[in-house]
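Right, one structure below, let's go through it.
The numbers here are math on the coordinates, done by the rules we state, and not lab data. All of these numbers come straight from a predicted model, not from anything done at the bench. Don't worry about glycine lacking a Cβ; one is built from the backbone with ideal geometry, like all the others, and counts go over all protein chains shown.
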Amino acid sequence: MPEHTFTFPEGFLFGASTAAHQIEGNNVNSDWWVFENREGSGVEEPSGDAADSYHRWPEDMDLLRDLGFTAYRFSVEWARIEPEPGRFSRAALDHYRRMVEGAHARGLEPVVTLHHFTSPRWFSAAGGWTAPDAVQRFTAYAEAVAPILEGRVRYVATINEPNMIALMHTAIRQGGANVDFKLLEPDTALSEGLIAAHHAARDALRGVSSEFRVGWTVANQVYQPEPGAEEVCRAHAWPREDRFLEAARDDDWIGVQSYTRTRVSADGPLPVPDGAEKTLTGWEYHPAALGEAVRHTARVVGPRVPILVTENGIATADDTRRVAYTRGALAGLAAAMSEGADVRGYLHWSALDNYEWGSYRPTFGLIAVDRRTFTRTPKPSARWLGEISRTRALPE
Ligand code: BGC
């Protein structure tokens, strides 16, 4: 076999990811809606109607199927399912049950996230993840969702990017969205609360069905020490990433989410090097990050826990850069798999151009969305990645 080709194993999932708040629209009962509409939040624009996927999800799934994908990761929205503490909406649960069934009907494996950054207003107002009853509240929510997933969903993610939640909390306390995340300290009590909630929800779901594979998805920063900064780098990485990976050692899978790298000197994290290409989020263009994130995750979590790449992508207005980035990322992934990493799927971030936590400007989508008419238009990158999904072969 020529060195440049790689065939992904049979059953390997190819698809794309989204999150409820970023695409559904009018998530008015969530804490993020409150935040983004507050004077002085620092966000550029509120989410509003987003991509109206609450109503247009069948069209989104049709497109993903037609493009050749075999999986779709989406989140169910706690703020809709439990609008008041202990009051579960049968209509909202039914909505998400139809989505799960809709994915199956189209040959898409649903990968379902229970919590993707947004909580109900009441949960945050009562103290969020550090409130005394937070673990019990989240577990009760997971148990309420379980019946619509049972027998239909294998991969369940409890909490998306707990490490980013711990940092965001500090950012918001420091006055809003416009702070340098690299310099923030994660909140320790919050991190511990998230880990406890994850473990309790995981155990509760396993109690409902032995067929659930429960995990969570961690933002991989690919911390790279400058010569001599190895110890500083390790100490920097632990509270921001590795403690959340270590917490996944008894999980059924782990989600790798990778976009770029962070170089660390003896004085701490470094800015993007001068002259390096930057994406629309200001991150360094570094497709090799994915392979490194997978290797690091496998090292910390251990070989027993399979990996799903649950996010990888680039914010760009130039779709040819998306193809180039993804090609590079998949080459790195293929190399890590050839070395033995047990990876079961690749889900690109994102299916649609969507609300990037404060702004619609950074476009991550394989599919463009007209903000006025909600018309969806697949980009060439969507067809390119769909073809890889169909053939499972990585072209040169
Ligand atoms: C999140 C997504 C986000 C993406 C790009 C991840 O941090 O899970 O919600 O849109 O990265 O920033």
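A compact table of results
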| quantity | calculated |
| --- | --- |
| Gain in span if fully extended, Asp274 to Asp370, counting 0.36 nm per residue against the direct Cα distance | 31.1 nm |
| Three principal axis lengths of the range 225-277 [C-alpha, angstrom, descending] | 41, 27, 14 |
| From phi via Karplus (6.51, -1.76, 1.60), per-residue ³J(HN,Hα) for the range 45-52 in Hz, x at Gly/Pro | 7, x, 6, x, 7, 6, 9, 6 |
| Kirkwood-based Rg to Rh ratio, the chain, C-alpha trace | 0.93 |
| Theoretical FRET efficiency, 1/(1+(r/R0)^6), r = Cβ-Cβ of Glu231 and Thr188, R0 22 Å, to 0.05 | 0.60 |
| Paramagnetic reach from Arg390 in the range 68-112 [backbone N under 12 Å; point 7 Å along Cα→Cβ] | 68-69 |
| Mean projected area (nm²) of the alpha-carbon convex hull when the range 15-70 is viewed from all directions | 4.4 |
| Residue-wise HN-Hα coupling along the range 215-226, computed from phi with Karplus coefficients 6.51, -1.76, 1.60 (Hz; x: Gly, Pro) | x, 9, 10, 10, 6, 9, 8, 6, 6, 10, x, 5 |
| Positive minus negative residues near Ile195 (Lys, Arg vs Asp, Glu; Cβ under 11 Å) | 0 |
| Computed [θ] at 222 nm, helices only, for the chain once each DSSP H run of length n ≥ 4 contributes -39500 (n - 2.57) | -12000 deg cm²/dmol |
| Distance in nm between pseudo-label sites at Val34 and Thr170 (7 Å out along the Cβ direction from Cα) | 2.3 |
